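Here's the structure, in C-alpha cells; my notes come after.
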Amino acid sequence: NRRKKKGDSVLESPSIPNPFPELCCSPFASVLSANLLPKATSRKKQVIKVYSEDDTSRALEVPSDITARDVCQLLILKNHYVDDHSWTLFEQLTHTGLGRAIEDHELVMEVQSNWVMEEETKLYFRKNYAKYEFFKNPLSFFPDHMISFPSETNAALSHSGILQMFLSSSTYPEIHGYLHAKEQGKKSWKKLYFLLRRSGLYFSTKGTSKEPRHLQFFCEFSNSDMYISLTGKKISGAPTNYGFCFKPNKSGGTRDLKQLCADDEQSRTCWMTAIRLLKYGMQLYQNYMQPYQGRSGCSPLTITPMRSISENSLVAMDFSGHRSRIIENPTEALSVAVEEGLAWRRRGCLRLNSHGSPIAMSNMGMSIHRSQSWFHHKISREEAQRLILQHGLVDG
C-alpha cells in the first residue's frame, strides 16, 4: 500500500512550469536549435594527392570543404617549412600545357569536380611570390598606356586610389590593348583590340573603336577559370610565348577554350591581374590580409586546427650551451625557425642507397665531408655530446 501511495503521489505531483513560455511559439526557436546547439554530424573526408617540385606526391585525407590555403598550411606543418605566406596550390593540365594558381579561398574539392577524365590534371604545392604583389605596388602592374579611368576621375592616382577603384563595386578602370586571339575551331590567330570592362571582355571589329556597335563580346568570367600557357607556342601554335586562356568550369574539352596571347610579359600580367580583380574583387584583398589579422579573427566556419594542443604549447628553445633556455625574443625565434627550415630542406635532399644508408645528391660533397677532421658519420647522441664537451665551448 505504501508503494502504491508513493506512486500516486508521484503521478499527482504538479508539473514544473515553463519559465520561458514565449520561446515555445517564437519564430527563433528553430534558429536556436539549428545554430546554437552543437552539431553531431561530422564533415566528410576525402583523399587528395599533391605533388612537389620534384614530382614526388603525398596523399592527404582532408575535409570536403577544405580551401587551398588550408591545404598549404597543412603541408607546411607536415614538411616543417617556414610559412612566408607565398606557398600556393597550383592546378596543372599536363596534356594541354596549361596551369593556374588556385586562389586561397577556393574549395579544393570543387576544383577537382571540374576535372575531366581525358585530361591528366595534378595539384602542385610550390611558392608564388607574386601572388599578391599588385597590392604592394599596383602602378608597376598597370602601365599608363593600358588603363583608362572614368572621365570624372583624376588621371593621376595614388597606389591606394587605383586599388580602391579596382575593388569598388560601382567603378572599374578600363583595360585596353592588342591581343592575339585564336579563332574558334581553327589553328589561325588574329590580332584584335580588346577592352576589359565590368560586364566582360570585348574586342573591337573596327580598329581601336570603342563604340558599342563595334564591340563584340568575347568572354565572361563567372563560369570559367583563367589559365596560363606553360608550354609557350609549342602546343597551341601561338605567335608568342605569353599565352593565357579561359576554360569553362564544365568543359567538354579543348574545343571550348578561349585562347589569347600577349606581345610581352608585362602586357599579359596586366590583363591577368585585372581579370583576377574583376572576378574576385574584395575577396582577393581579404586573402591578402588574412595572414596578418591573427588567429583571433577566425570564424567557427574555418577548418579545425591542424595542430594538437600539445604542439600549440611548444616554445622555441636554445640547446647550444650547457643549459637550455627559452628564446623569448621574437626576432631570434624567427631566425631559428628559418634555420630549422633550411636544415630540413638539406636533410630532404638526401636519398637512401641500396644498403639503406643516406647518401648525398653529389658524391663529391660527401667525399669532401669524409676528409674533414670534424666529420663523424654514424655516432650516437652520447658520443657526440662527449666529443663536444671534450673540446669545450669554442667556436668551430
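The values are calculated or read from the model by the stated rules, or taken from the named source; none is laboratory data. All of these numbers come straight from a predicted model, not from anything done at the bench. All Cβ positions, glycine included, derive from the backbone under ideal geometry; neighbour counts span all protein chains shown. Surface areas here come from the heavy atoms of the whole protein model, side chains and all, with no ligands, DNA or RNA. Shrake-Rupley method; radii C 1.70, N 1.55, O 1.52, S 1.80 Å.
Look through segment 215-257, keep the residues that are in a loop (DSSP other than H, G, I, E, B) and among the hydroxyl-bearing types (Ser, Thr, Tyr), and return whichever of them is most open to solvent (accessible area, probe 1.4 Å).
Here is the first cut: in segment 215-257, the residues in a loop (DSSP other than H, G, I, E, B) are 220-223, 230-232, 237-241, 249-253, 257.
Subsequent filtering for residues that are among the hydroxyl-bearing types (Ser, Thr, Tyr) retains 222, 231, 240, 251.
Details: Ser222: 78, Thr231: 55, Thr240: 26, Ser251: 18 Å².
This residue is Ser222.
Would you mind telling me which numbered condition in (1) more than 24 Å from Ser140 (Cβ to Cβ); (2) modelled with pLDDT of 90 or more Ser222 fails? In the conditions (1) more than 24 Å from Ser140 (Cβ to Cβ); (2) modelled with pLDDT of 90 or more, Ser222 misses (2) alone.
Evaluate segment 67-88: report whether one residue or more is assigned by the TED database to the domain that holds Phe125, surrounded by 17 or more Cβ atoms within 10 Å (Cβ to Cβ) and touching a Cys at 6+ places or on another chain (Cβ under 6 Å). There is at least one residue in segment 67-88 that is assigned by the TED database to the domain that holds Phe125, surrounded by 17 or more Cβ atoms within 10 Å (Cβ to Cβ) and touching a Cys at 6+ places or on another chain (Cβ under 6 Å).
State yes or no: is Lys187 at pLDDT below 90 and under 33 Å from the mean Cα position of the chain (by Cα)? Walk me through how you get there before you give the answer.
Numbers: at pLDDT below 90: yes; under 33 Å from the mean Cα position of the chain (by Cα): no.
Here the answer is no, as Lys187 does not meet what is asked.
Counting just the residues of segment 145-161 that are modelled with pLDDT of 75 or more and in a helix (DSSP H, G or I), which one comes out surrounded by the fewest Cβ atoms within 10 Å (Cβ to Cβ)?
Taking segment 145-161 first, the residues modelled with pLDDT of 75 or more are 145-149.
Still in the running and in a helix (DSSP H, G or I): 145-146.
Values: His145: 10, Met146: 19.
Here the residue is His145.
Only residues that are within 20 Å of Lys233 (Cβ to Cβ) and open to solvent by less than 40 Å² (accessible area, probe 1.4 Å): list them for segment 167-214, please. Reasoning before the result, please.
The first filter runs over segment 167-214 and keeps only residues within 20 Å of Lys233 (Cβ to Cβ), leaving 177-192, 194.
Hits for segment 167-214 are Gly177, Leu179, His180, Ala181, Leu192, Phe194.
Taking segment 42-78 as the range and being in contact (Cβ under 8 Å) with a residue 12 or more places away in the chain and either among the hydroxyl-bearing types (Ser, Thr, Tyr) or touching a Phe, Trp or Tyr at 6+ places or on another chain (Cβ under 7 Å) (or both) as the test, the residues that pass are Val50, Tyr51, Ser52, Ser64, Thr67, Cys72, Leu75.
If you go through segment 115-127 and keep only what is open to solvent by less than 40 Å² (accessible area, probe 1.4 Å) and assigned to a loop (DSSP other than H, G, I, E, B), you end up with just Glu119. Can you tell me which residue is farthest from Phe134 (Cα to Cα) among those in segment 95-109 that are open to solvent by 40 Å² or more (accessible area, probe 1.4 Å) and modelled with pLDDT of 90 or more? The selected residue is Leu107.
Being open to solvent by 40 Å² or more (accessible area, probe 1.4 Å) and touching a Gly at 6+ places or on another chain (Cβ under 7 Å) is true for just one of Gln112, Gln92. Which residue is that? Full working, then the answer.
Details: Gln112 fails: touching a Gly at 6+ places or on another chain (Cβ under 7 Å).
None of the others qualify; the one that does is Gln92.
Being among the charged types (D, E, K, R) and within 11 Å of the chain's Cα centre (by Cα) is the filter here; which residues of segment 46-99 pass it? Once the filter is applied, which keeps residues that are among the charged types (D, E, K, R) and within 11 Å of the chain's Cα centre (by Cα), segment 46-99 yields Arg69, Asp70, Glu91.
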